[in-house]
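Trainee: Dropping the structure in here first, questions after.
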Number of protein chains: 2
Amino acid sequence: MPYSKTHKENSRRRILDSAVKLFSAQGYDAVTLDQVMQDADLTRGAFYAHFKSKQVLYKDAILHAASNGPVATLSDKIDQPALTELIRKYLDMSHVRQEGSPCPLAFLATDVAKQEGEIRETYTQVYKDIVDKVGALPTIKDTDSALAISALMIGGVAVARALNDDELSRDLLKSCRKFVEAFI
Amino acid sequence: MPYSKTHKENSRRRILDSAVKLFSAQGYDAVTLDQVMQDADLTRGAFYAHFKSKQVLYKDAILHAASNGPVATLSDKIDQPALTELIRKYLDMSHVRQEGSPCPLAFLATDVAKQEGEIRETYTQVYKDIVDKVGALPTIKDTDSALAISALMIGGVAVARALNDDELSRDLLKSCRKFVEAFI
DNA sequence: GTCTATACCTCGATAGAC
DNA sequence: GTCTATCGAGGTATAGAC
């Protein structure tokens, strides 16, 4: 038995890590399976032992990113200090620069919009989960607030990433933090 | 003189209209020059009489979209009713569905983030212009508010577009409108 | 499970006729 | 300026050996 089960699971995890990193940085179309597999220290042919297609990889990568990104810290019984910490880490240049695990909602927003059913569905589920968790907090007045705050945070990161002026990006993130913190 | 100057200008405008529509809907990589030219009722070979490359087309399409999208209504001497109207039209399902001219800031956000210098620069300039105009309004307290409100509106549209649940998208847009209108 | 090799396809860009 | 034709590069997915 030359390849153990843990070996395969380890390979799969490495592929997903690479996929999240590359898809978030370059978008679905610009990433090649060769890139992903090389980044995971494997060869292209081995890909199909783990995923049926590039589309399936993308869908699984969104879930993987949701489990590892900043929003994953939103457990079911999140408290106020944890939320404050999340806001601080989310609306930060290190997140925008993708130095840690990126939030798929912000990094893949317009990339998902052009995809088909299953991928959109996955994105939607991830979004719903987060809005539900934020909305369950005692300091959040209503669902309206949870929706608007999520849009503000996602939009802030998405725009900050597109700008080529670091100072403006920092100002934008700071303004978003101020706004959000005034509402929680 | 078989081709007049207005004929060329007309062709160029048609190419740009098609480019804005297709890039906004599908993103940079998924759009082929063949698609753009067919949509503009021309053939692929004619493309290079108007633009040096696909990258240049993309950059010019961002400017074209900025001049025709909802934010174009923000003239230098915008007043309060015009702003209210802009918010209503921007955070609307018809905009999300790209039934009118789309706002490049929302539709191309993560698509621009992966591009190179000149394109990012163009996006940044378009964004700066809008923040400046919004910030100049008497009811906007400070630059912080202008930045946060823009992020909220762009994020709202970007996320609403990615979701596959129309009801949730509508709720999201409505929440964003409520939030923004409370601040202007 | 992972590798090499390859079939098949599509796209950006160019060449040359009109 | 616009057309047809084509080159060359690079992509997904598959086949078959180990």
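The values are calculated or read from the model by the stated rules, or taken from the named source; none is laboratory data. Everything numeric here is computed off the predicted structure, so don't read it as measured data. Cβ atoms come from the backbone with ideal geometry, glycine included; neighbour counts cover every protein chain shown.
Trainee: Restricting attention to segment A:105-118, report how many residues are surrounded by 24 or more Cβ atoms within 10 Å (Cβ to Cβ) and assigned to a helix (DSSP H, G or I).
Mentor: 8
Trainee: Now for a different question. When only residues in segment B:1-25 that are within 15 Å of DNA strand C (Cβ to nearest atom) and in contact (Cβ under 8 Å) with a residue 40 or more places away in the chain count, which is nearest to B:S94 (Cα to Cα)?
Mentor: Within segment B:1-25, the match that is nearest to B:S94 (Cα to Cα) is B:A25.
Trainee: Mind listing whichever residues of segment B:1-25 are small (G, A, S), within 12 Å of DNA strand D (Cβ to nearest atom) and part of a helix (DSSP H, G or I)?
Mentor: B:S11
Trainee: If you don't mind, there's one more thing I want to ask. Just to be sure before I move on: is A:S94 among the hydroxyl-bearing types (S, T, Y) and within 17 Å of the chain's Cα centre (by Cα) in the structure I sent?
Mentor: yes
Trainee: Just the residues that are assigned to a helix (DSSP H, G or I) and surrounded by fewer than 17 Cβ atoms within 10 Å (Cβ to Cβ), please, taken from segment B:155-170.
Mentor: Within segment B:155-170, B:D166, B:E167, B:R170 qualify.
Residue by residue, here is whether (1) of a type outside the set (A, V, I, L, M, F, W, C); (2) at pLDDT 90 or above holds:
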{"site": "B:P81", "(1), (2)": "yes, no"}
{"site": "B:E85", "(1), (2)": "yes, yes"}
{"site": "B:M93", "(1), (2)": "no, yes"}
{"site": "B:E99", "(1), (2)": "yes, yes"}
{"site": "B:A113", "(1), (2)": "no, yes"}
{"site": "B:E121", "(1), (2)": "yes, yes"}
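Trainee: I'd like the residue in segment B:26-76 that is in contact (Cβ under 8 Å) with a residue 24 or more places away in the chain, within 12 Å of DNA strand D (Cβ to nearest atom) and in a loop (DSSP other than H, G, I, E, B) and, out of all such residues, is surrounded by the most Cβ atoms within 10 Å (Cβ to Cβ).
Mentor: B:A40
Trainee: Select from segment A:77-104 the residues that are assigned to a loop (DSSP other than H, G, I, E, B) and out of contact with any His (no Cβ under 8 Å at 6 or more places or on another chain) and list them in ascending order.
Mentor: As a first pass, look at segment A:77-104 and keep what is assigned to a loop (DSSP other than H, G, I, E, B): A:77-79, A:91-92, A:97-103.
Once the filter is applied, which keeps residues that are assigned to a loop (DSSP other than H, G, I, E, B) and out of contact with any His (no Cβ under 8 Å at 6 or more places or on another chain), segment A:77-104 yields A:K77, A:I78, A:D79, A:L91, A:D92, A:R97, A:Q98, A:E99, A:G100, A:S101.
Trainee: I'm checking my understanding of the structure. Among residues of segment B:26-66 that are closer than 21 Å to B:G117 by Cα and among the small types (G, A, S), which one is farthest from DNA strand C (Cβ to nearest atom)?
Mentor: Filtering first and then ranking leaves B:A66.
Trainee: From the residues in segment A:134-151 that are within 19 Å of the chain's Cα centre (by Cα) and at the interface with chain B (Cβ under 7 Å from one of its Cβ atoms), which one is surrounded by the most Cβ atoms within 10 Å (Cβ to Cβ)?
Mentor: Result: A:A151.
Trainee: Considering only segment B:152-184, state which residues are over 14 Å from A:Y127 (Cα atoms) and either facing another protein chain (nearest Cβ under 8 Å) or aromatic (F, W, Y) (or both).
Mentor: The answer is B:L152, B:M153, B:I154, B:K174, B:S175, B:C176, B:K178, B:F179, B:F183.
Trainee: Let me ask something else about it. Cβ contacts < 9 Å: first residue more than 7 Å from chain A (Cβ to nearest Cβ), restricted to segment B:110-124; second residue of a type in the set (F, W, Y), any location; separation 6+ or different chain. Result?
Mentor: Cβ pairs passing all conditions: B:Q115/B:Y28; B:Q115/B:Y58; B:Q115/B:Y123; B:I119/B:Y28; B:I119/B:Y58; B:T122/B:Y58.
Trainee: Let me ask you something else. In segment B:76-130, what residues are under 29 Å from A:V31 (Cβ atoms) and of a type in the set (F, W, Y)?
Mentor: B:F107, B:Y123, B:Y127
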